[in-house]
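Read through the structure below, which is laid out as structure tokens, and then see the notes.
Here, each number is a calculation from the coordinates, and none is a lab measurement. None of these values were measured; they are calculated from a predicted model. Cβ atoms come from the backbone with ideal geometry, glycine included; neighbour counts cover every protein chain shown.
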């Protein structure tokens, strides 16, 4: 019996095989899982992280145009990478050199906001005192002055920075643990344990 021969398709002259790649394969991660170089999105993530006041979830969602329960974890995972950490530390250092804010300056402002009293801005008749009569603490604590024209005349209102937030930041700096902080930490820890339990259930 004559041997059967299989027909093979001739490739076009000069064409690359299907398995070939044009140019060298460029890896961005090493065998250890860490990045070997930073791409454009990584740099954008670092910039957005600084802009969002160190919020990994917001930075990740904006750069990667995605939302979901795991965006915060993905953002924090990027922050653990040695190259990301090194670039972030470099940019933070550059910021501090451009804006030489001392620890004393920060604490002074927080203390002023936490200890400010709105009634100090008004006289005995309920009228807002002239700005020149305000104490330095009151000036720091005031976030906004609103002027509204009504049928009864001009109404002036003041908006203060958050006393609670300033108090929390002061307490953390001084090593004091507030009850609200403990509840928040416990809630985060519980959510993380629940997430891990769901992952283990999926694998079974």
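Across the alpha-carbon set of the range 103-166, the Rg to Rh ratio works out to 1.04, Rh being the Kirkwood radius. Calculated on the alpha-carbon coordinates, the convex hull of the range 32-100 measures out at 83 cubic angstrom per residue. Of the peptides 71-79, 36-44, the ranking by mean beta-carbon count within 10 Å, highest at the top, reads 71-79, 36-44. Counting beta carbons within 10 Å around each of 140, 113, 84 and listing the fewest first gives the order 140, 84, 113.
Largest first and in whole Å, the equivalent-ellipsoid semi-axes of the range 83-135 read 40, 11, 9, each the square root of five times a Cα gyration tensor eigenvalue.
Starting from 0.36 nm per residue, how many nanometres of slack lie between residue 136 and residue 118 once their C-alpha separation is accounted for? Full extension of this stretch gives 5.1 nm more. Each peptide in 85-92, 96-103 was scored by the mean count of other Cβ atoms within 10 Å over its residues; highest first, the order is 85-92, 96-103.
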